[in-house]
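The values are calculated or read from the model by the stated rules, or taken from the named source; none is laboratory data. Worth saying up front: this structure is predicted, and the values here are computed from it rather than measured. Glycine also receives a Cβ, built like all others from the backbone with ideal geometry; neighbour counts cover every protein chain displayed.
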Amino acid sequence: MIKTLLRSVAMQLSLVVLSGISTGIAQELPLDEKTTSLGKQYTGIVRIENASIVPDFATPWNAGLPRGGSGTGFLIGKNLFMTNAHVVSDSNRVIIKKVGDSEPLLARILHVAHDCDLAVLELEDPSKFDDVEPLEIGDDIPKLDTAVKVVGYPIGGERISVTRGVVSRIDFLAYSHSAVDYHLTVQIDAAINPGNSGGPVIQDGKVAGVAFQGYSGDVAQSTGYMIPAPVMRRFLKDIEDGTYDHYVDLAVSDFPILNPALRRALGLPNNGQGIMVGSVNAEGSADGKLEIGDVLLEIDGYPIASNGSIDIRGEKVNMAEIVERKFAGDIINLKVWRDKKPLDVAIELKRFLPYLISARQYEQRPEYVMYAGLVFQPLDRNMMSALKLSNIEVRRFFGYYVADELYKELPEVVVLTTVLPDAINTHLEGYAGGIVESINGTNILRLKDVLPALDNEAAPKDFTVIQLRGQGRPLVLEKARVPGAQVRIMSKYGVREDHYVE
């Protein structure tokens, strides 16, 4: 739910994917013991090596920075291997290595889901796995205080390793790969290290989850997290038609109703049931269906406790878990308390895209327009992380884009991010970092509006006029000098194309 965007920033900063943390040292088992100590089923667990190109949002015309890393994956069907999305993000080349075999096998990504940090790969030549049995995925969430085994290739090792532990918590936490998505998560105390990412967590011979993240530094010791089977199964169900359609969202915020006086004022019994709707985001699934002040009593027949939890098969989980298992177009049924009367509300679910401004994006070439040394880019987390913009208005739009429904005003926020110094733009450097309001009298609502506005025939004949939000004085450029300056600037700063807009 969107309320999760407002949760602790400290939590988001401390949770990291397993390629960047270490919570203990696993005991590796020799390769020649793989069929005796580990069992034949573990021959379906593979080492994955990824060579990637990470886009450079500070200089978006550049090809990007080469990176490399490794993780774990496992066979789930005929020539189908599951791993984490962060293991293969921004991939340029993916290699799979079989247990006990150093030969690199070329693989390709079939589907990737960055919102739940899962991916499915296939081999170009799967013949080496013709006699390997896929690992079976379990049906539900493992119980608290039950034993699990984590299998993978931690610390970049070439030999498979196994660590053991117990399930210590079931929660609804941030997935650090995207930085904004919250899903069902299972905490385990098995030693999990960098390289374990994408590896199976096994219970009773079945895959109970996928190892994927933990805490950085000294925040917590011997604490790791796995993506549980329900999230895995939802991902696999989603891609059955050949396309990943992403998660849906109610797009509301809520808060507990614990005060007895408030419950009496609302006409509710003091039975610990129900949470109050704090906001309903415009253009979201619940827009026009729910109202601020509504009390949610049940979701798809499950009673909602005052802390927002429901009971599924004896486990207390966040009520959002019901939404989690739905797909675009599915209906969710709510029992609502409004004006001291019960009301049944049915809501058709869909994605809520404005939250993506705060999400880390992958496999996307940075969009930009460069005009006379002025570089225009859409506002998102990747750009903010690269450029560290301090403009108050930019930071307001970035931080409160969803909470204040600023997306209704600007569907895409366009920022003048950089001024590449040249004679044509002298003394304009101080404007860098501002939000573009208009160009030649045309309001800029998206990056794709920039090029037509620059070429607007109704614009002033001799000058290009750019107005930034909150700036009284506009930027003015001489049009006649632009073509020569464009060639000169592109040559000087190595700009291969003056724009890239999807």
Of all residues in the range 63-93, which are under 30 Å from residue 377 (Cα atoms) and outside any loop (DSSP other than H, G, I, E, B)?
65, 66, 67, 68, 69, 85, 86, 87, 91, 92, 93
Where residue 133 falls short, out of the listed (1) closer than 21 Å to residue 193 by Cα; (2) at pLDDT below 95:
(1)
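To keep it simple, each residue is scored yes or no on (1) of a type in the set (S, T, N, Q); (2) in a loop (DSSP other than H, G, I, E, B); (3) in contact with a Leu (Cβ under 9 Å, 6 or more places away or on another chain).
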{"site": "322", "(1), (2), (3)": "no, no, no"}
{"site": "326", "(1), (2), (3)": "no, yes, yes"}
{"site": "337", "(1), (2), (3)": "no, no, yes"}
{"site": "370", "(1), (2), (3)": "no, no, yes"}
{"site": "377", "(1), (2), (3)": "yes, no, yes"}
{"site": "384", "(1), (2), (3)": "no, no, no"}
{"site": "418", "(1), (2), (3)": "yes, no, yes"}
Matching residues in the range 41-72 - criterion: being more than 14 Å from residue 151 (Cβ to Cβ), hydrophobic (A, V, I, L, M, F, W, C) and crowded, with 20+ Cβ neighbours inside 10 Å:
57
Restricted to the range 78-102 and to residues being farther than 13 Å from residue 45 by Cα and among the polar types (S, T, N, Q), the residue surrounded by the most Cβ atoms within 10 Å (Cβ to Cβ) is 84
Determine which member of the set 134, 60 is within 30 Å of residue 321 (Cβ to Cβ), part of a loop (DSSP other than H, G, I, E, B), not hydrophobic (A, V, I, L, M, F, W, C) and not assigned by TED's automatic domain parsing to the domain that holds residue 378.
134
I'm trying to understand the selection: among the residues of the range 150-196, which are more than 27 Å from the chain's Cα centre (by Cα) and of a type outside the set (Val, Ile, Thr)?
157, 158, 159, 161, 164, 165
Counting only residues that are buried (at least 19 other Cβ atoms within 10 Å of the Cβ) and among the aliphatic types (A, V, I, L, M), which one in the range 239-256 is farthest from residue 277 (Cα to Cα)?
248
Subset of the range 286-320 (residues that are over 17 Å from residue 252 (Cβ atoms), of a type outside the set (D, E, K, R) and not in a strand (DSSP E or B)):
301, 314
Being among the charged types (D, E, K, R), farther than 22 Å from residue 176 by Cβ and at pLDDT 95 or above narrows 344, 339 down to just 344
Looking at 281, 271, 259, can you tell me which residue is exposed (fewer than 14 other Cβ atoms within 10 Å of the Cβ) and closer than 21 Å to residue 322 by Cβ?
271
Listed residues 318, 333, 259; which is modelled with pLDDT under 95, in contact with a strand residue (DSSP E or B) (Cβ under 9 Å, 6 or more places away or on another chain) and not basic (Lys, Arg)?
318
Looking at (1) closer than 22 Å to residue 276 by Cβ; (2) in a helix (DSSP H, G or I), which is the only condition residue 399 fails?
(1)
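Here's the yes/no breakdown for (1) in contact with a strand residue (DSSP E or B) (Cβ under 9 Å, 6 or more places away or on another chain); (2) basic (Lys, Arg); (3) part of a loop (DSSP other than H, G, I, E, B); (4) assigned by TED's automatic domain parsing to the domain that holds residue 283:
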{"site": "411", "(1), (2), (3), (4)": "no, no, yes, no"}
{"site": "421", "(1), (2), (3), (4)": "no, no, yes, no"}
{"site": "482", "(1), (2), (3), (4)": "yes, no, no, no"}
{"site": "488", "(1), (2), (3), (4)": "no, yes, no, no"}
{"site": "495", "(1), (2), (3), (4)": "yes, no, yes, no"}
So, in the range 209-221, of the ones that are small (Gly, Ala, Ser) and under 24 Å from residue 89 (Cβ atoms), which residue ends up modelled with the lowest pLDDT?
217
Looking at the range 320-340, which of the residues that are under 18 Å from the mean Cα position of the chain (by Cα) and of a type in the set (Asp, Glu) is nearest to residue 268 (Cα to Cα)?
321
Whether any residue in the range 132-155 is on the phi > 0 side of the Ramachandran plot, β-branched (Val, Ile, Thr) and in contact (Cβ under 8 Å) with a residue 40 or more places away in the chain is what I want to check.
yes
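Is it the case that residue 345 is of a type in the set (A, V, I, L, M) and over 30 Å from residue 263 (Cα atoms)?
Judged against the criteria, residue 345 is not a match.
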Please verify whether residue 211 is hydrophobic (A, V, I, L, M, F, W, C), in contact with a strand residue (DSSP E or B) (Cβ under 9 Å, 6 or more places away or on another chain), buried (at least 24 other Cβ atoms within 10 Å of the Cβ) and in a strand (DSSP E or B), treating the condition exactly as stated.
yes
